[in-house]
Structures are given as structure tokens and as C-alpha cells.
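Following: one structure in C-alpha cells, then a few remarks.
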Amino acid sequence: MVLDTRSHVASPPHEIKEEDLLLDKLAIVFPVTKNTDMRFFRNTWMRKYLYPVCDWHAPNCRIVCNRDSTYRTLDKKTVCFSRALKEVNDKEFFIKLDDDTFVDKDYVVELLRKYSEHKSPLYISELSRFVDYRNRNTLNNVLYGNGKFYMFNKRLVQCLNTEIEYEGWRNEDAVFGGM
């Protein structure tokens, strides 16, 4: 405690801001590869909220999918991290962010403020419709978010079917939308 001698009222050394409380509800899901420069992202505002999804066990890897990622295995990595998110109980919101994407902190805080305590599953992104006649029962006509950025809440995570079955390699973000 710091004593303010002018008013003789004790005040905390650091007041917790509303912004900090909102951001503490957030995990930024961040699929990485051997080419991702994690040092760069640890030097941004996002560092405290990053949940790197790695192919290997390493310091700071929150989720490990044990796959040697290529562009054609990202759909399986998406299913893997979605399954892992079901076990994360201390976060209300998740952002899936690509390693070549930056997001404005003020924009994220505003979304958190607006949708905090939202009672229904929530999925925020620029949505597209996926047409997949080969997987008519799982992926055909699903809405999915732009892969660079999508935000969703824990209620949506609880609804995800992480046992989804489909044929062939598919766009990882469409697979998320189909779950």
C-alpha cells in the first residue's frame, strides 16, 4: 500500500483497469510452425494472452498437437486445438489468430466489453460459406470465419464437435465452422 499523505487515504500501488479485467478473460490461439518468430509476438500487447499451438513440446507451448504441420495438415491441427480448448476453463473468449496477422488491442477490448457475459454461443468474423459436396453431412454449406482472425466464446467451444469426420484435406477454418 502507498499512503497518500495529502488525504491520508491508503490507495493500492496499482489499480486494476477494466481493460485488464476484460483481457484476462481472453486466450489468443496461435498456431505456430518452425518458421514462426515467437520472440516478436512476445514483445506485443498479446504476449500475456498467447496460447501457442505447437507441433512439439517446448517452453511457452500451451497446446501441443504432435503433428509436423504443413498447409495440408492445418485442418487436423484445428481439430486438435479445438479439443484442447474444451479443457480451458478459466477463459471466456478465444481469438484464433494467424502468425502473419496483427490485431488492434482497442478493437479486441471493445468486443470483450460488448460481448462479455454473452449467454449464447458467439462467433465473430468475416464469414464465408463453404461448399463441399464430398462432405455433404459435415462441411457442406457451413459458415466459417476468415482465418486471419476469428473470435468466439467458451459457449461455442462447448458446442464444437471435435470428433467431426470428413473426407480429404479441407480448409482448416471451414473445418472449425463445421464443428
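The values are calculated or read from the model by the stated rules, or taken from the named source; none is laboratory data. What you see is a predicted model, and the numbers here were worked out from it, not measured in a lab. Cβ sites come from the backbone with ideal geometry, for glycine too, and all protein chains shown count toward neighbours. SASA here: full protein model, heavy atoms, side chains in, ligands and nucleic acids out. Shrake-Rupley method; radii C 1.70, N 1.55, O 1.52, S 1.80 Å.
Listed values, structure above:
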{"quantity": "Candidate set from segment 29-52 (those that are among the hydrophobic types (A, V, I, L, M, F, W, C) and under 18 Å from residue 92 (Cα atoms)); member that is modelled with the lowest pLDDT", "calculated": "30"}
{"quantity": "Within segment 118-163, strands (runs of 3 or more DSSP E) holding 2 or more residues that are under 19 Å from residue 77 (Cβ atoms)", "calculated": "142-145, 149-153"}
{"quantity": "Residue selected from segment 166-179 under the condition of a type in the set (Asp, Glu) and buried (at least 20 other Cβ atoms within 10 Å of the Cβ), by the criterion farthest from residue 96 (Cα to Cα)", "calculated": "172"}
{"quantity": "Close pairs from segment 105-119: first over 14 Å from residue 19 (Cα atoms), partner open to solvent by less than 100 Å² (accessible area, probe 1.4 Å), Cβ under 7 Å, at least 6 apart", "calculated": "118/153"}
{"quantity": "Per-region count, segment 151-165, residues without any contact (Cβ under 8 Å) to a residue 40 or more places away in the chain, open to solvent by less than 80 Å² (accessible area, probe 1.4 Å) and over 11 Å from residue 123 (Cβ atoms)", "calculated": "1"}
{"quantity": "Of all residues in segment 29-76 being more than 14 Å from residue 98 (Cα to Cα) and of a type in the set (A, V, I, L, M), the one that is least open to solvent (accessible area, probe 1.4 Å)", "calculated": "63"}
{"quantity": "Failed criterion for residue 90 (all others in (1) assigned to a helix (DSSP H, G or I); (2) under 15 Å from the mean Cα position of the chain (by Cα) hold)", "calculated": "(1)"}
{"quantity": "Any hit, segment 77-96, residues being open to solvent by 30 Å² or more (accessible area, probe 1.4 Å) and on the phi > 0 side of the Ramachandran plot", "calculated": "no"}
{"quantity": "Subset of segment 61-88 (residues that are over 16 Å from residue 164 (Cβ atoms) and touching a residue at least 60 places away in the same chain (Cβ under 8 Å))", "calculated": "72, 88"}
{"quantity": "Test for residue 148: is it open to solvent by 70 Å² or more (accessible area, probe 1.4 Å) and closer than 15 Å to residue 30 by Cβ", "calculated": "yes"}
{"quantity": "Long-range neighbours under 9 Å by Cβ, at least six apart or interchain, first residue on the phi < 0 side of the Ramachandran plot within segment 133-144, second part of a strand (DSSP E or B) and open to solvent by 90 Å² or more (accessible area, probe 1.4 Å)", "calculated": "142/129; 143/129; 144/129"}
